[in-house]
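A short reminder: the numbers here are calculations on the coordinates, not readings from a lab. This structure is a prediction, so every number in the text was calculated from the model and none was measured. Methodologically, a virtual Cβ is constructed for each residue, glycine included, from the backbone with ideal geometry; neighbour enumeration extends over all protein chains shown.
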Amino acid sequence: QPNDGRVHGGPLSYPRLGSPWGSPQTEIRVPFRRDVHTQVVLVEPNYQPLSNWVASILVGELQAGDGFFTPEQGSQIVVKCILGEFYGDNPVQSEVKVNEQTTIDGHDAWLVESHLTFDIEGLETKGETLIVAIVSAPNSSGLYYASIPDTTPELLPVARDLLNELTVDG
């Protein structure tokens with residue numbers, strides 16, 4: 001990470017968040033990803049053995065391969081994969097609030113915001129807001145992903161506001 005006060009992942013970066021957000025760290029659970037960095041806030045520690053529930057914001061590069069070519073196609077695949085990866089076998093209901101073309105730092109992008117509801121054993125949190133933006137960068141696609149539990153609503157404006165502070169760096 002460059003020492004420029006920003007969190008970098010793939011072609012995107014955002015201003016590094018202060019407390020209560022933790023230090024940037026590498027994230028490996030995101031499908032189709034490379035060079036992903038995240039900041040998290042611990043929301044429910046040890047809701048199950050060795051499992052913590054967090055609010056998170058991350059940026060990275062998507063490796064499309066033969067999978068998708070437009071930001072819209074990328075957003076559909078990434079949202080589906082995130083729902084399968086982060087919630088295990090638990091059913092998740094998704095109410096899409098935003099699903100639209102936009103621009104981020106002058107680049108074509110697709111934005112999805114959904115409210116998710118679920119019932120996971122041991123977890124007080126029963127819902128959260130998911131924000132996914134896929135940005136068409138010069139040589140790759142960038143991913144912005146935020147997951148904000150309903151139990152920490154004060155973090156949601158931060159996740160939304162960062163969309164306007166994203167830069168395409170590569």
Just want to confirm a number: the relative contact order over the chain, from Cα pairs under 8 angstrom separated by 6+ residues, in percent. 24
Helix 71-86 against the longest principal axis of the chain: what's the angle in degrees, Cα atoms only, rounded to the nearest 10? 30
Could you tell me whether region 1-127 comes out rounded, prolate or oblate from its Cα gyration tensor? Rule is a ≥ b ≥ c as square roots of the eigenvalues, rounded for a/c under 1.5, then prolate if a/b exceeds b/c, otherwise oblate. oblate
Express in nm, to one decimal, how much length is gained between Ile28 and Gln73 on full extension, taking 0.36 nm for each residue of separation and deducting their alpha carbon distance. 14.0 nm
May I ask you to derive the FRET efficiency for Asn3 and Thr102 from their Cβ-Cβ distance with R0 = 30 Å, giving the value to the nearest 0.05? 0.50
Using modelled amide H (1.01 Å from N, peptide plane; none on Pro or chain starts), what sits under 5 Å from the amide H of Ala137, excluding residues fewer than 5 places away? Gly142
Gap in Å between the Cα centre of region 1-62 and the Cα centre of region 92-170? 13
Taking θ = phi - 60°, what integer Hz values does the Karplus form 6.51 cos²θ - 1.76 cosθ + 1.60 yield along region 36-49, in sequence order, with x for Gly and Pro? 9, 10, 9, 10, 10, 10, 5, 9, 9, x, 6, 5, 9, x
FRET efficiency (Arg16, His115; Cβ distance; R0 25 Å; to 0.05) is 0.40
Full-stretch length increase - Tyr87, Thr151 - with 0.36 nm per residue and alpha-carbon distance subtracted: 21.4 nm
Can you show me the helix-derived [θ] at 222 nm for the chain, built from DSSP H runs with n ≥ 4 at -39,500 (n - 2.57) apiece and divided by the number of residues, rounded to the nearest 500. -4000 deg cm²/dmol
Length gain on complete extension for the stretch Tyr47 to Val158, per 0.36 nm per residue less the alpha carbon to alpha carbon distance? 37.5 nm
Distant-in-sequence amide H partners of Tyr47 (H built 1.01 Å from N, under 5 Å): Trp53
